[in-house]
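Let me begin by presenting the structure, written as structure tokens, before commenting on it.
The values are calculated or read from the model by the stated rules, or taken from the named source; none is laboratory data. Nothing here was measured: the structure is a model prediction, and the numbers come from that model. Note: ideal-geometry Cβ built from the backbone for every residue, glycine included; neighbour counts use all protein chains shown. Protein only, heavy atoms only, side chains kept; ligands, DNA and RNA dropped before computing areas. Shrake-Rupley method; radii C 1.70, N 1.55, O 1.52, S 1.80 Å.
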Amino acid sequence: LVRRAPEMAPEVLIAQRPPGKWQAGRWEFPGGKIEGEESAGDAVVRELREELGVTVRAARPLGDFPHDYEDRSVHIGLWLVSAWEGEPRGLDGQALRWVPLPQLSDCDLLEADRPMLEPLRRALGWQVR
């Protein structure tokens, strides 16, 4: 989820992995796994409804990002969600935080999410100075 205020950097919503989960305490972009035969777009809509309680109104894909951790491999699709209904809240017990785009690299993001920062900046037309 991305929100913009005039004359300010766009803000991006990140979620903290809850206690008891793999990489607990680290930050990530909200989302989850594709289930069954659903499309990636349908998965984004479903996951954000289940995790954040929002209804996605506008989203576009920004790319796919595979990453190999020591104990697992992940393949993440990055989506820019620019319009939604509802106030995001952590329905899985996760903390949420709006972060100005230039400060995202200072957050303790999961390694798999870090390669997504530059494509996100480009998509939002924001250059870090």
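Total residues in segment 61-71 satisfying the condition of being touching a residue at least 24 places away in the same chain (Cβ under 8 Å) and either out of contact with any helix residue (DSSP H, G or I) (no Cβ under 8 Å at 6 or more places or on another chain) or open to solvent by 100 Å² or more (accessible area, probe 1.4 Å) (or both): the figure is 1. Within segment 36-49, no residue that is at positive phi sits with its Cβ atom under 9 Å from a residue that is at pLDDT 95 or above at 6+ positions apart or across chains. In the condition set (1) open to solvent by 90 Å² or more (accessible area, probe 1.4 Å); (2) touching a residue at least 40 places away in the same chain (Cβ under 8 Å), residue 13 is compliant with all but (1). Starting from residues that are open to solvent by 40 Å² or more (accessible area, probe 1.4 Å) and among the basic types (Lys, Arg), keep the ones in segment 75-129 and report whichever is farthest from residue 2 (Cα to Cα). Among those residues, the one meeting the criterion is 129.
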